[in-house]
Amino acid sequence: MKKILCLLVLVLGVVGCSNSVLSDDYDEATLKSSAQKVLEQLNAGEYQAITDSVSLDLQNDLSADVIKQAWIPLYEKLGTFDAISNYIIAGKEEYAVVVVLAKYEKGTLQLTLSYNPQMELVGLYMK
């Protein structure tokens, strides 16, 4: 779990220090669609499907079990999914970051996803 948090801090730190311009390598509609799909997979408990979209070098660190262990307590606290309220898309060098704000019956989820140019997940953060 510490490895995942360190990786997320690294990726988000790189993006956070940027001018947030999205590279031409990315299409905003594709990023939104991919982020929506990950959210749907979380809500459906399809953790392996998420792991399958993670870059190969991170799949051992971001396994289906790790995602499940992080998601279940949060999902139980949030309740039933209602709707996506907003997307924020930014970029730094070769990475794209999508922040999804999603409404649930008892709160709001901020799901932050980082992608490489091959549209593989290289970062996943939930709060």
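The values are calculated or read from the model by the stated rules, or taken from the named source; none is laboratory data. Quick caveat: nothing in here was measured; it's all calculated off a predicted structure. All Cβ positions, even for glycine, are placed from backbone atoms using ideal geometry, and neighbour counts span all protein chains on display. Only protein heavy atoms, including side chains, enter the accessible area calculation; ligands, DNA and RNA are left aside. Shrake-Rupley method; radii C 1.70, N 1.55, O 1.52, S 1.80 Å.
Accessible area per residue for the chain, computed on protein heavy atoms with a 1.4 Å probe, is 55 Å². Counting only other residues whose beta carbon sits under 11 Å from that of Val54, what net charge do I get with K and R as +1, D and E as -1? Local charge sum for Val54: -4.
Within the listed set Gln48, Gln69, Gln36, the residue fluctuating most in the Gaussian network model of the chain (springs between alpha-carbon atoms under 10 angstrom) is Gln69.
When the C-alpha to C-alpha distance is required to be over 22 Å, the pairs from Lys68/Lys92; Lys68/Lys103; Lys77/Lys103 that qualify are Lys68/Lys92.
This structure gives Rg/Rh (Cα atoms, Kirkwood Rh), computed directly, and of [x] 1.05; [y] 0.94; [z] 0.98 that value is listed as [y].
In this simple spin-label model, placing a label point 7 Å from the Cα along the Cα-to-Cβ direction at both Asp27 and Leu56 gives a separation of 2.5 nm.
Considering only alpha-carbon pairs that sit under 8 angstrom and 6 or more positions apart, the relative contact order computed for the range 11-127 is 27 percent. Considering only the other residues whose Cβ falls under 14 Å of the Cβ of Thr30, what net charge follows from Lys and Arg at +1 and Asp and Glu at -1? Spelling it out: positives minus negatives among the neighbours equals -3. Backbone phi angles across the range 85-95, fed through the Karplus curve with coefficients 6.51, -1.76 and 1.60 (θ = phi - 60°), yield HN-Hα couplings of 9, 6, 10, 10, 10, 9, x, 8, 6, 8, 9 Hz in residue order; Gly and Pro are listed as x. With a 1.4 Å probe and all protein chains left in place, how much of the accessible area of the range 72-127 comes from carbon and sulfur atoms, in whole percent? Of the solvent-accessible surface of the range 72-127, carbon and sulfur hold 49 percent.
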